[in-house]
Amino acid sequence: MVFGVRASKYRHIYTEPPKPEQCWTGLRLSIATGEQQYVKASSKYFAVALSGAGGPLAIQRLDLPNRYTPDSCPIICGHAGSLLDFDWNPFDAGMIATASDDTTIKVWQVDADGEEWGGRVLSEPLVDLRGHRKKVSLLRYHPTAANVLASASTDNTIRVWDVEKAEEISVFEGLTDIPQDVVWDHRGDQYAVSSKDKHVRLVDGRTSVESHSFLAHEGTKSTKLSYLHPGDNRILSMGFTQRSGRELKVWDLRDTSAPVYSETIDQAAGVIMPFYDIDSSVLYLCGKGDGNIRYYEYTTEEKALYSIGMFQTTISCKGMCVVPKRAVDVGKNETARLLKITRDGVTPISLIVPRKSDTFQEDLFPDCAAAVPAHTADEWVGGSSLPPVTMSLDPADSGNGAEASTKTKFQVRGIAQVKAELKEALERIKHLESKLTEAGVTY
């Protein structure tokens with residue numbers, strides 16, 4: 001009897017255990033708990049919250065593993081309370097937004113700009129966003145529009161901000177309980193939000209009008225979300241059964257009366273964080289408190305997800321994030337890189353597809369999202385709907401120029417810059433007034 005095996009180029013994906021010198025160690029991690037991932041990365045840096053007054057946030061370079069000391073990296077320390085979440089600007093690898101239980105959101109520029117990398121303490125943000133009445137628990141940058149940020153708070157509101165103007169675009173007040181997750185769709189036209197009332201709501205990002213809601217999971221623990229492949233109109237939810245079993249469901253947003261696919265994972269207690277790679281159609285499931293990372297391949301078939309492997313270790317995970325595809329090593333066929341928070345440090349986990357050829361593998365690395373916005377915040381608010389700008393990962397392709405920073409076009413002016421401009425303007429006014437006085441002109 002011949003048994004068919006489902007073909008997949010990711011079926012033999014494997015993980016290279018990192019050497020000790022490839023990890024970041026000695027970090028005094030924050031004890032604050034919540035719905036956050038605890039670590040997030042841009043294409044150049046990653047950030048992790050430390051214990052201490054003012055909600056300190058350590059900024060580490062991806063290419064510089066080290067043992068943490070106060071002089072090894074810059075520290076952001078500008079809040080009056082514990083840091084609860086943070087998010088990197090997808091179009092500026094050195095810009096990060098932070099959220100705290102002091103109800104504020106602050107935006108920072110961490111690039112050294114000629115200064116020494118380590119030992120700096122950043123206490124003056126570029127922008128200070130205020131509007132929430134209670135602690136801000138989640139932050140999510142817009143995937144295609146420049147300087148648009150969504151924030152979730154325990155005041156049961158979701159606010160969308162124009163960071164450059166430091167003002168609100170919209171406020172959603174339709175939640176009946178504390179938000180647990182917020183995710184943008186791939187174009188950023190709407191976002192999905194899960195909350196403690198077990199419902200998932202779809203909300204227009206520009207107007208905060210709720211278009212649909214549905215009951216996702218019977219369990220009372222946290223529900224995490226991820227939009228699946230663009231154009232399929234499907235979303236994944238990770239939650240718990242009524243008996244506290246961990247389960248995943250795939251929903252067709254055109255009909256949410258029943259899930260397209262459902263699977264019970266196990267009976268563990270940790271919340272599972274889903275990370276979907278739209279370039280490879282591979283889903284990574286990482287559980288808080290787990291040592292395992294599960295891999296699934298997504299299809300449009302009736303069985304939407306196929307298990308293709310698992311990375312197992314006895315070292316538990318407090319938090320996890322995926323490094324942007326622009327930063328992977330295509331030379332060794334690294335299709336994804338995860339950063340895992342352990343007891344006192346951060347460990348990189350490379351996921352590699354074995355190939356005999358050492359040339360660039362086009363089928364493994366299709367064009368990915370570039371560090372270039374598809375439109376401005378004003379254009380998006382006006383109704384512009386565009387997919388992400390893409391770039392080639394082929395080292396020989398000039399498309400890598402899409403990684404170039406767009407700060408000159410969409411730069412957020414900081415307090416220091418505004419003060420300098422004001423000083424220059426006052427000096428100019430004083431000069432012109434003296435000229436008018438010399439000419440005998442009354443003003």
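What to note about this one:
- Subset of the range 271-326 [among the aromatic types (Phe, Trp, Tyr) and in contact (Cβ under 8 Å) with a residue 24 or more places away in the chain]: PHE275, TYR276, TYR284, TYR295, TYR298, TYR306, PHE311
- Each residue in the range 263-272 was checked for being assigned to a strand (DSSP E or B) and either buried (at least 21 other Cβ atoms within 10 Å of the Cβ) or touching a His at 6+ places or on another chain (Cβ under 6 Å) (or both), and 1 pass.
- Checking VAL182 against (1) at pLDDT 95 or above; (2) surrounded by fewer than 22 Cβ atoms within 10 Å (Cβ to Cβ); (3) closer than 23 Å to THR98 by Cα, the condition it does not meet: (2)
- The range 273-289, subset surrounded by fewer than 22 Cβ atoms within 10 Å (Cβ to Cβ) and outside any strand (DSSP E or B), residue farthest from the chain's Cα centre (by Cα): GLY289
- Contact map, the range 420-440: residues that are surrounded by 10 or more Cβ atoms within 10 Å (Cβ to Cβ) paired with residues that are of a type in the set (D, E, K, R) and not in a helix (DSSP H, G or I), Cβ distance under 9 Å, separation 6+ or inter-chain. Pairs shown: GLU421/ARG413.
- Residue check for PHE172: over 17 Å from the mean Cα position of the chain (by Cα) and closer than 30 Å to PRO125 by Cβ: yes
- Hey, GLY188 assigned by TED's automatic domain parsing to the domain that holds TRP251, part of a loop (DSSP other than H, G, I, E, B) and modelled with pLDDT of 95 or more or not: yes
- Residue match in the range 392-404 (condition: at pLDDT below 95, hydrophobic (A, V, I, L, M, F, W, C) and assigned to a helix (DSSP H, G or I)): yes
- Wholly enclosed strands (runs of 3 or more DSSP E) of the range 50-153 bearing at least 2 residues assigned by TED's automatic domain parsing to the domain that holds ILE278 and over 16 Å from the mean Cα position of the chain (by Cα): 57-61, 104-109, 127-130
The values are calculated or read from the model by the stated rules, or taken from the named source; none is laboratory data. Computed from a predicted structure; not experimentally measured. Here the Cβ is made from the backbone with ideal geometry for all residues, glycine too, and neighbour counts use every protein chain on show.
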